[in-house]
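Remarks on the structure that follows.
Derivation of every value follows stated rules applied to the coordinates shown; laboratory data play no part. Bear in mind the structure is a predicted one, so any value in this text is a computation, not a measurement. Glycine gets a Cβ as well: all are built from the backbone with ideal geometry, and neighbour counts include every protein chain shown.
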Amino acid sequence: MAAITYTPQQGKSGPKFTCPRCQRVYPYPVDYDRPIRCECGWWYTNVGHGAIVEEFRPRIGGSDPDAPQYGEGT
Ligand SMILES: [Zn+2]
């Protein structure tokens, strides 16, 4: 899979990473450290020099539109 280089946005508490799918904002991932696991199911891993590898890892049931939805409507 291809790595994509994102430019971190500078914030008060350090660089920020904005999920390009859902626009949630996270601290920029540290090189070779834990990936960001976005709520929308995409993982972003910093593989060094700011290059981010994107990987979609849906939660169980999350990728299947026919799967029952939990935690909604109450
Ligand atoms: Zn997201």
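What residues have an amide H closer than 5 Å to that of Tyr6, excluding those fewer than 5 places away on the same chain, when H is modeled at 1.01 Å from N in the peptide plane?
Here the answer is Ile52, since their amide H atoms fall under 5 Å of that of Tyr6.
Considering only the other residues whose Cβ falls under 15 Å of the Cβ of Cys38, what net charge follows from Lys and Arg at +1 and Asp and Glu at -1?
Combined, the nearby Lys, Arg, Asp and Glu give +4.
Add +1 for every Lys or Arg and -1 for every Asp or Glu among the other residues with Cβ under 12 Å from the Cβ of Arg24, and state the total.
Cβ neighbours under 12 Å give a net charge of +2.
What does the net charge come to around Ala3 if you take all other residues with beta carbon closer than 14 Å to its beta carbon, with K and R at +1 and D and E at -1?
Local charge sum for Ala3: -3.
Using a ≥ b ≥ c from the Cα gyration tensor of the stretch 3-56 (square roots of the eigenvalues), is it rounded, prolate or oblate, where a/c under 1.5 gives rounded and otherwise the larger of a/b and b/c decides, a/b for prolate?
Oblate, since a/c reaches 1.5 and b/c is not below a/b.
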